[in-house]
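Chemist: The structure follows.
The values are calculated or read from the model by the stated rules, or taken from the named source; none is laboratory data. Everything numeric in this text was worked out from a predicted model, so none of it was measured. Backbone-built Cβ (ideal geometry, glycine too); neighbour counts: all protein chains shown.
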Amino acid sequence: MSAPSETAKSSGGGLAAFFKGPGGNLLGRFLALVLVFAFFAVMVNEGKFYTLRNLENILRQSCVYATAGLGMTMVIIAAGIDLSAGSLIAISVVATAWVLGPDDNGGVRLFVAQHPTLAPLLAVSVGVLSATLAGLFNGTIIVGLRLMPFIVTLGTMGMIRGLAKGLAHEKDIYPPGDETWINHIMDPRLANWIARFHDPALAAKTSPWAILPAGVWILFVGVIVASFILRYTRLGRHIFAVGSNEETARLCGVRVGRTKLFVYTACGFFCGVAGLMQYSYIGGIGQPTSAVSYELFVIASVIIGGASFNGGEGSILGTLIGALTITVLYTGGQQMGWPKWVQEIVIGGIIIGAVALDRLRHRRQG
Amino acid sequence: MTSRLEMRGVRRSFGATLALRGVELTVAPGEVMALVGENGAGKSTLMKVLSGAIAPDGGELRLDGEPYAPADPLDARQRGVAMIYQELALAPHLSVMENILLGIEPVRGPLVRWAELRRRAVAALAEVGLDQVAPETQVRRLAIAQQQLVEIARAVALDCRVLVLDEPTSSLTARDIEKLFALIRRLKARGIAVVYISHFLEEVRAISDRFTVLRDGETVGAGVTAGTPSEQIIALMVGRNVAELYPRSVRTPGPVVLSVTNLAAEGKPLAASLELRAGEVLGISGLVGAGRTELMRAIFGLRRVLAGEISVGAFGGAADPQQRWAQRVGLVSEDRKTEGLALGLSIADNLTLARLSGLGPFGLVLPSRQQAACAPWIAKIPIKCQGPAQSIGGLSGGNQQKVAIARLLHADVDVLLLDEPTRGIDVGSKAQIYQLIDELAVRGKAVLMISSYIPELLGVCDRIAVMSRGRLGPARPRSDWDEHQLITAAIGQEEAA
């Protein structure tokens, strides 16, 4: 089977050609990530930066951006944009907490206590579904009214955020504390997992899969699913075609509207999943003001990962690398003791630099 | 012989405008039918009807005797009617093979069957003689001519019965055109009915068996190509006799206004020398990619000069476009749509862009003065439009090009650099532009003109120089050249190099 790469590949075959083409791009991006990491590893005192614990932390922290970035990658490949990503994450956070109920609600507390697995499952479904529906709404407006995605999602960014605040009555929802498993999907696992080797009792109690938080595994599954869709399905190739040349796609009988509808809905879905991670990460609180301006980090991850705002280009693995790069910069800056304002300037500069480098590379290749 | 495609009395209106008011056209299997007509004659509407993008209001379409009413472009493709559009319709980021089978990918459930897709793409590529290109290559890495072949491969992969080509040669070199014609003849031999839309009568003559002339949305004539003189076809197209396509008044060359000595710029040109006098038209011939456009852009300061000298009148040395305008040199770009004009803006904005001074007090630009400044040009050239405030995107290609040239006239330049000034425009507009160039030369303006259309160079220019592989040959009077010599000079030197 001759499968194409996600960023349609250049001539020739085999591994060498892969690394000359899009694989080389990914490799370059990965090396940049390693370089940034190495920089902090050297600069941060006492080797604190390259401990396993810190690596795990970086993975955990990049989860929200990377997961939301899966859908955003599809949107940007199709030459669109979704500015409502941060709000989509928030609606999922709030909807999840809303199903589990506020702390002072006796009835819900009882329900959760009686069904420790089922109740959170319901909450998770509602959380993800709410964001997916909101994404579908984005797509419907963009396709149905033929409006610019930038404007539509700028509008829905406010609408969805407002909805989240309304649902939470403008205050944080505190569901019954530690009783649900959702609160723990982002908990660190590595230290515990290593301890299994010395403690047979612990080994019997915990799963060997618990080397990483569940959220990271969810991300990995998402990466595989999204890559698979983009690479191997007709729908995935149509996403590239629509982004590369919409008129041509239409001419060739590609259902352009349906393809766009899918990418915005998928973006909603993945933002919904990212919302669960966010919910767990901030300690199981339905905070309607969480994930504000996350769309910028998500978009930056996708762009650092090699996507182009003109569409037709981008890859899931690239987005993953982009999200990790931003997180490494962020945590690195924190551990260096840089003030917040310096971090912001540095991250902003890196985003511009990455895109500028990309442009140079494109020009060289003609 | 039964017709492969038959159109009878096809009508279509947009609001109050009758775009098609009775089109009659038949093509037999294995026949090439040339469809000619000025821009605005209804060719593009006709193509949209054929491709299923719009439905006709009335009339009859038949494909192999059966009623043909495609619901959408996909339906038309599946019934075997394929279109090659003037603007290449490819997804540049996708691979060659994906482009060939876009929209009709072989699938198993939601999955693309890559091996099958590749096999079918390779077969189609071989059919169009593009087997040296790997099917995985990204389309944007291919040359224009190759991209066009990919489009034709797309039609072949579909096993099309009718192939419609819209101005397929507008961005091809003479050599690639020959290859294209050879391919069309092969397709024709396989029984495909070909509709060939073109402005170039030479091409119509070279490739078609019969022709149909469309004017104002109506079929006004048809016939066998071989037995019909070109003048008759042109007369049918424009609805009047084109007494003289290339007018030529008595021109008296004046002093040298532009001189270029051993110019080398980044990439191309490698070496170019020329002298352009006031009151003359100097043509540059050659293959696409020989460095003609690059030479012109280097003169205008759009390309970095590495060596050599350019002097405009008394001004020496390299300069940027702003300085060139001040030195009364103006350029019309070969790429009207992306570079030459701002398609979202009005005629007045486009026309006055190079010289906004004097359009209001205190350096202000008053729309009323802008529009007033345009009015004489619109009337004189003439530019067919609703008025200077109309958006330029709504004009035909020919009228857009006239605005691009009028910009130079408004800026009152002495040296006009025209890069493919008649590319992709209709015969009527071409005649008007030739007329304009002649008048300018008589009035003492100097014109440097690039064209890939040799009859036009021979008709319009006083002297012609040939560019080949980045080197400009000597300029000789046009009476010293004929079509064959110009082609030999463009190719021959290339092979010798």
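Chemist: Sort out which residues of segment B:241-286 are of a type in the set (Lys, Arg) and in a loop (DSSP other than H, G, I, E, B), and write them in order of number. Give the steps one after another, and end with the answer.
Modeler: Of all residues in segment B:241-286, those of a type in the set (Lys, Arg) come to B:248, B:251, B:268, B:277.
Of everything in segment B:241-286, those that are of a type in the set (Lys, Arg) and in a loop (DSSP other than H, G, I, E, B) turn out to be B:Arg248, B:Arg251, B:Lys268.
Chemist: Can you name the residue in segment A:8-52 that is in a loop (DSSP other than H, G, I, E, B) and within 12 Å of another protein chain (Cβ to nearest Cβ) and, of all such residues, is modelled with the highest pLDDT? Before you say what the answer is, go through the steps one by one.
Modeler: Taking segment A:8-52 and keeping what is in a loop (DSSP other than H, G, I, E, B), we get A:8-13, A:21, A:44, A:48-51.
Within this subset, residues satisfying the condition of being within 12 Å of another protein chain (Cβ to nearest Cβ) are A:8-13, A:21.
Working: A:Ala8: 41, A:Lys9: 38, A:Ser10: 39, A:Ser11: 38, A:Gly12: 40, A:Gly13: 45, A:Gly21: 51.
Restricting to residues being in a loop (DSSP other than H, G, I, E, B) and within 12 Å of another protein chain (Cβ to nearest Cβ), the top hit is A:Gly21.
Chemist: Give me a count of the residues in segment A:158-194 that are within 30 Å of A:Thr259 (Cβ to Cβ) and surrounded by fewer than 20 Cβ atoms within 10 Å (Cβ to Cβ). Explain how you work it out, then say what you get.
Modeler: Within segment A:158-194, the subset within 30 Å of A:Thr259 (Cβ to Cβ) is A:158-164.
Remaining after also requiring surrounded by fewer than 20 Cβ atoms within 10 Å (Cβ to Cβ): A:158-159, A:162-163.
Qualifying residue count, segment A:158-194: 4.
Chemist: Spot the failing condition for A:Ala291; the list is (1) more than 11 Å from chain B (Cβ to nearest Cβ); (2) at pLDDT below 95; (3) assigned to a helix (DSSP H, G or I), and only one is missed.
Modeler: A:Ala291 satisfies every listed condition except (3).
Chemist: Taking segment B:322-347, which residues are at pLDDT below 85 and not in a loop (DSSP other than H, G, I, E, B)? It would help to see each step written out before you state the result.
Modeler: Going through segment B:322-347, the residues at pLDDT below 85 turn out to be B:322, B:335-346.
Within segment B:322-347, B:Gln322, B:Arg336, B:Lys337, B:Thr338, B:Glu339, B:Gly340, B:Ser346 meet the criteria.
Chemist: Go through segment B:58-96 and report how many residues are within 21 Å of A:Val256 (Cβ to Cβ), more than 8 Å from every other protein chain (Cβ to nearest Cβ) and of a type in the set (A, V, I, L, M, F, W, C).
Modeler: 6
Chemist: How about segment B:49-73: which of its residues are among the hydrophobic types (A, V, I, L, M, F, W, C), within 17 Å of B:Ala155 (Cβ to Cβ) and crowded, with 19+ Cβ neighbours inside 10 Å? Walk me through it before giving the result.
Modeler: Here is the first cut: in segment B:49-73, the residues among the hydrophobic types (A, V, I, L, M, F, W, C) are B:49-50, B:53-55, B:61, B:63, B:69, B:71.
Cutting the leftovers down to within 17 Å of B:Ala155 (Cβ to Cβ) gives us B:50, B:53, B:63.
Listed by number, the residues that qualify are B:Leu50, B:Leu63.
Chemist: Further question on the same structure: Which of the residues spanning segment B:364-385 are touching a Gly at 6+ places or on another chain (Cβ under 8 Å) and exposed (fewer than 14 other Cβ atoms within 10 Å of the Cβ)?
Modeler: B:Leu366
Chemist: Sticking with this one: Filter segment A:206-225 for residues that are outside any loop (DSSP other than H, G, I, E, B), out of contact with any His (no Cβ under 8 Å at 6 or more places or on another chain) and under 25 Å from A:Ile282 (Cβ atoms) and give the result.
Modeler: We begin by selecting, within segment A:206-225, every residue outside any loop (DSSP other than H, G, I, E, B); these are A:214-225.
Then drop every residue that is not out of contact with any His (no Cβ under 8 Å at 6 or more places or on another chain), which leaves A:215-225.
A:Gly215, A:Val216, A:Trp217, A:Ile218, A:Leu219, A:Phe220, A:Val221, A:Gly222, A:Val223, listed by residue number.
Chemist: Which residue pairs have Cβ atoms under 9 Å apart, sit 6 or more places apart or on different chains, and have a first residue in segment B:126-143 that is more than 10 Å from chain A (Cβ to nearest Cβ) and a second that is small (Gly, Ala, Ser) and in a loop (DSSP other than H, G, I, E, B)?
Modeler: Final answer for the pair search is B:Ala143/B:Gly289.
Chemist: Can you tell me which residue in segment B:274-292 is surrounded by the most Cβ atoms within 10 Å (Cβ to Cβ), limited to those that are touching a Cys at 6+ places or on another chain (Cβ under 8 Å) and of a type outside the set (Gly, Ala, Ser)?
Modeler: As a first pass, look at segment B:274-292 and keep what is touching a Cys at 6+ places or on another chain (Cβ under 8 Å): B:281-283.
With of a type outside the set (Gly, Ala, Ser) added as a condition, the list becomes B:281-282.
Working: B:Val281: 27, B:Leu282: 22.
So the residue we want is B:Val281.
Chemist: Here is a list: A:Val263, A:Val242, A:Val216, A:Val273. Which entry is within 14 Å of another protein chain (Cβ to nearest Cβ) and either charged (D, E, K, R) or crowded, with 19+ Cβ neighbours inside 10 Å (or both)? Working first, answer last.
Modeler: Details: A:Val263 fails: within 14 Å of another protein chain (Cβ to nearest Cβ); A:Val216 fails: within 14 Å of another protein chain (Cβ to nearest Cβ); A:Val273 fails: within 14 Å of another protein chain (Cβ to nearest Cβ).
Result: A:Val242 is the single residue among A:Val263, A:Val242, A:Val216, A:Val273 that is within 14 Å of another protein chain (Cβ to nearest Cβ) and either charged (D, E, K, R) or crowded, with 19+ Cβ neighbours inside 10 Å (or both).
Chemist: How many of the residues in segment A:170-205 are over 15 Å from A:Leu100 (Cβ atoms) and assigned to a loop (DSSP other than H, G, I, E, B)? If you could, list the steps in order and put the result at the bottom.
Modeler: Going through segment A:170-205, the residues over 15 Å from A:Leu100 (Cβ atoms) turn out to be A:170-171, A:186-205.
Narrowing further to those that are assigned to a loop (DSSP other than H, G, I, E, B): A:170-171, A:186-189, A:196-199.
Of the residues in segment A:170-205, 10 are over 15 Å from A:Leu100 (Cβ atoms) and assigned to a loop (DSSP other than H, G, I, E, B).
Chemist: Now for a different question. Name the pairs: first residue in segment B:152-168 and small (Gly, Ala, Ser), second residue assigned to a loop (DSSP other than H, G, I, E, B), Cβ to Cβ under 8 Å, at least 6 apart or on different chains?
Modeler: That search, which allows pairs on different chains as well, returns B:Ala153/B:Val128; B:Ala153/B:Leu130; B:Ala157/B:Leu101; B:Ala157/B:Ile104.
Chemist: If I filter segment B:98-119 down to residues being more than 8 Å from every other protein chain (Cβ to nearest Cβ) and either in contact with a Pro (Cβ under 7 Å, 6 or more places away or on another chain) or in a loop (DSSP other than H, G, I, E, B) (or both), which single residue comes out as farthest from B:Leu158 (Cα to Cα)?
Modeler: Within segment B:98-119, the match that is farthest from B:Leu158 (Cα to Cα) is B:Gly109.
Chemist: For segment B:121-153, which positions are assigned to a helix (DSSP H, G or I) and either outside the structural domain of B:Arg186 (by TED's automatic domain parsing) or in contact with a Pro (Cβ under 7 Å, 6 or more places away or on another chain) (or both)?
Modeler: Residues of segment B:121-153 that are assigned to a helix (DSSP H, G or I), as a first pass: B:121-127, B:139-141, B:144-153.
Correct list: B:Ala121, B:Val122, B:Leu125, B:Val139, B:Arg140, B:Gln148.
Chemist: Among the residues that make up segment B:472-493, is at least one of them part of a strand (DSSP E or B) and buried (at least 20 other Cβ atoms within 10 Å of the Cβ)? Write out each step before concluding.
Modeler: Quick first cut of segment B:472-493, residues part of a strand (DSSP E or B) only: B:472, B:476-477.
Going one step further and asking which of them are buried (at least 20 other Cβ atoms within 10 Å of the Cβ), we end up with B:472.
Yes, because at least one residue in segment B:472-493 is part of a strand (DSSP E or B) and buried (at least 20 other Cβ atoms within 10 Å of the Cβ).
Chemist: Taking the stated definitions as given, is B:Arg190 over 20 Å from the mean Cα position of the chain (by Cα), in contact (Cβ under 8 Å) with a residue 12 or more places away in the chain, surrounded by 21 or more Cβ atoms within 10 Å (Cβ to Cβ) and outside the structural domain of B:Cys461 (by TED's automatic domain parsing)? Give the derivation first.
Modeler: On the way: over 20 Å from the mean Cα position of the chain (by Cα): yes; in contact (Cβ under 8 Å) with a residue 12 or more places away in the chain: yes; surrounded by 21 or more Cβ atoms within 10 Å (Cβ to Cβ): no; outside the structural domain of B:Cys461 (by TED's automatic domain parsing): yes.
Answer is no for this residue.
Chemist: Next up: Are any residues in segment A:319-366 within 14 Å of chain B (Cβ to nearest Cβ), on the phi < 0 side of the Ramachandran plot and of a type outside the set (D, E, K, R), and if so, which ones?
Modeler: If the condition is that a residue be within 14 Å of chain B (Cβ to nearest Cβ), on the phi < 0 side of the Ramachandran plot and of a type outside the set (D, E, K, R), then A:His362, A:Gln365 are the ones that fit.
Chemist: Which of the residues belonging to segment A:344-356 are closer than 19 Å to A:Phe37 by Cβ and under 21 Å from the mean Cα position of the chain (by Cα)?
Modeler: From segment A:344-356, those closer than 19 Å to A:Phe37 by Cβ are A:346-347, A:349-351, A:353-354; that's our starting set.
Of everything in segment A:344-356, those that are closer than 19 Å to A:Phe37 by Cβ and under 21 Å from the mean Cα position of the chain (by Cα) turn out to be A:Ile347, A:Ile350, A:Ile351, A:Ala354.
Chemist: Could you please find all residues in segment A:306-320 being of a type in the set (A, V, I, L, M) and either touching a Ser or Thr at 6+ places or on another chain (Cβ under 7 Å) or surrounded by fewer than 22 Cβ atoms within 10 Å (Cβ to Cβ) (or both)? Quick ask: steps written out before the conclusion?
Modeler: As a first pass, look at segment A:306-320 and keep what is of a type in the set (A, V, I, L, M): A:307, A:316-317, A:320.
A:Ala307, A:Ile316, A:Leu317 - these are the residues of segment A:306-320 that are of a type in the set (A, V, I, L, M) and either touching a Ser or Thr at 6+ places or on another chain (Cβ under 7 Å) or surrounded by fewer than 22 Cβ atoms within 10 Å (Cβ to Cβ) (or both).
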